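Please read the structure below before turning to the comments.
The values are calculated or read from the model by the stated rules, or taken from the named source; none is laboratory data. This is a predicted model, so every value here is computed, not measured. Cβ sites come from the backbone with ideal geometry, for glycine too, and all protein chains shown count toward neighbours.
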């Protein structure tokens, strides 16, 4: 059935910098993109029904949303879920979002399988543990079926945990043997390793640091602190403050006293 026209005769078409303005004899006007303008056979003198104008505006709106989504993806990869969340924040309708997502998938702008493989490789290079990798992938909203392809490699988990712990010990020698075991365990847990992997790894601490190192480490720390803060270890009050300070850091009371006595003996 032929659409009934409503007197919407185009009287003027103006090409602006980023859009095309269509003015009707009724003084009503709409502004659309050049791409939308090219999709319809529009010219001065053409009469459009209200329904046709609505269709043009709807298509133009959809085109702009597609362009917004493509611009997002041009900066970095996104999962289907992440794009949906971005569009929901913009308060677009579900039907509009579905059309945009369909367009992105059909034109290979969004590929969850490819993106997930990329992220797994990236997280593995960062030495994240399996649990952290799984959590970060889950936060991207990947499909459960796709997530099931994630494979646990225990040998690789040990390799990553030992690499991280080795460097952690090197960078935190001043913590001492006992504290390194405790803080090292928490550090590895924060990187996403299982409890068993963490325990296996920190139990190899003797490879990287010795219990005998604790006294030398603590001695240097206290000596530096005493010099920097002009502490008089002969003063019982100041001495007691130093003891409490390093007890709070996890060092053994007897070891602290031995170090203080050695510093006093040197002086």
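Numbers below:
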quantity: Search result, residues across region 21-54 that are outside any strand (DSSP E or B) and touching a helix residue (DSSP H, G or I) at 6+ places or on another chain (Cβ under 7 Å); calculated: 33, 35, 36, 39, 40
quantity: 2 or more residues surrounded by fewer than 17 Cβ atoms within 10 Å (Cβ to Cβ) and in contact (Cβ under 8 Å) with a residue 40 or more places away in the chain: qualifying helices (runs of 4 or more DSSP H) within region 192-252; calculated: 213-228
quantity: Verdict on residue 118 being part of a helix (DSSP H, G or I) and out of contact with any strand residue (DSSP E or B) (no Cβ under 6 Å at 6 or more places or on another chain); calculated: yes
quantity: Residue list for region 99-147, filter: modelled with pLDDT of 95 or more, more than 18 Å from the chain's Cα centre (by Cα) and surrounded by 13 or more Cβ atoms within 10 Å (Cβ to Cβ); calculated: 99, 100, 101, 103, 104, 105, 109, 110, 111
